[in-house]
């Protein structure tokens, strides 16, 4: 059976300056500065370990159009490691590292094919195996707003067809709307896989065929939180398989602590320490944001230490020298809302109607139907128990009341 295995990555943003993070301890900031290079090394290690046939890189290899010598040298060194193992690389440039930039360019080994500023196809021939056609283009300039997807045309003579595109999936992305496309436009090309780049959040747009944003391999700010990595993809005549692996050296993460039962500063502190230990990753760093929900209004001493930064400093102090650090960069809280329903009803007929509607509400399945109909989400959802339904309605009531009373 004909088979090829490859690695798909995008948006490496090598040598990202990590803007606005110099307030971090020097060792943590330096670790973060080096993290995009560490992620690149982890990608190379994975390609060698899994013995892939080739690697595809879907744009924004470099963070800036100047393509620092440091970043180019790091990429070249990793490409040479792949060349030693006979692994090919197919790469496109995106809006951050477009071809129109004027910069000193280093030469790369022969195993690397950079697509030019026109949609072209490259050929990969596996020894005694299948032929693969790969299609893509590099941005000729930073602002590419045209529908370049219209220029992709399937060239016969290959067993598998893979598209590389650094662009904007219309209707769902907040990123720059470069090289826009729709899912139907991709599927109409009848390719076996679409290797996308530009969106830094991992996303599977289609499974037949796979259309994938792998996300960036290293988060660079608090908005780029969660697992970061790349995909190993196997294409066969019978179908395709993929697996995700982590590449980031420093993770951005968030956690919520239930403050309802806390009755002292020590209990809040211990809860934070437990949350920090839960987020610790062996050999890797984490930058963590903590939110403590529903603190009791009477815990004024705790809130004072939260407001003046004492608790934050206490949590940070023990992490400065940790290799597997969990550095809390932000901590916030919300009050436990104490509601006197009778008093609110006296104030307005609106509240009487609101509470009556909540008590009679029994159509939770309709409200959640979009979630259960989602192809990815429903895999992780089971039937709700009566207690879970009641808890969801109670949580919704609390959120509504918090918003109403806050305003």
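A short reminder: the numbers here are calculations on the coordinates, not readings from a lab. It should be emphasised that the depicted structure is a prediction, and the values quoted were computed from it without experimental measurement. Note that we place each Cβ from the backbone using ideal geometry, even for glycine, and neighbour counts take in every protein chain shown.
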Given a Förster distance of 30 Å, the FRET efficiency implied by the Cβ-Cβ spacing of residue 73 and residue 324, rounded to the nearest 0.05, works out to 0.60
Please state the shape class of segment 233-342: rounded when a/c is under 1.5, otherwise prolate if a/b exceeds b/c and oblate if not, all from the C-alpha gyration tensor. oblate
In a Gaussian network model of the chain with springs linking alpha carbons closer than 10 Å, the residue among 306, 14, 40 that fluctuates most is 306
By its C-alpha gyration tensor, with a ≥ b ≥ c as the square roots of the eigenvalues, how is segment 1-153 shaped: rounded for a/c under 1.5, else prolate for a/b larger than b/c, else oblate? oblate
Compare the peptides 245-257, 125-137 by average per-residue count of other Cβ atoms within 10 angstrom and give them in order, highest first. 245-257, 125-137
Take every Cα pair under 8 Å in the chain that's 6+ residues apart, average their separations, divide by the length, and report that relative contact order as a whole percent. 13
For percent of Cα pairs over 36 Å apart, calculated from these coordinates, the label among [x] 39; [y] 64; [z] 21: [x]
Comparing 95, 266, 116 in a Gaussian network model of the chain (Cα, 10 Å), the one with the largest mean-square fluctuation is 266
Going by average Cβ density within 10 Å per residue, which order do the peptides 3-10, 150-157 take, highest to lowest? 3-10, 150-157
Most to least packed among 308-316, 199-207 [average Cβ atoms within 10 Å]: 199-207, 308-316
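So if R0 is 41 Å, what FRET efficiency would residue 236 and residue 273 give, r being the distance between their Cβ atoms, rounded to the nearest 0.05?
Result of the calculation: an efficiency of 0.25.
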When a/c reaches 1.5 or more, the comparison of a/b and b/c decides; with that in mind, is segment 88-241 rounded, prolate or oblate per its Cα gyration tensor? rounded
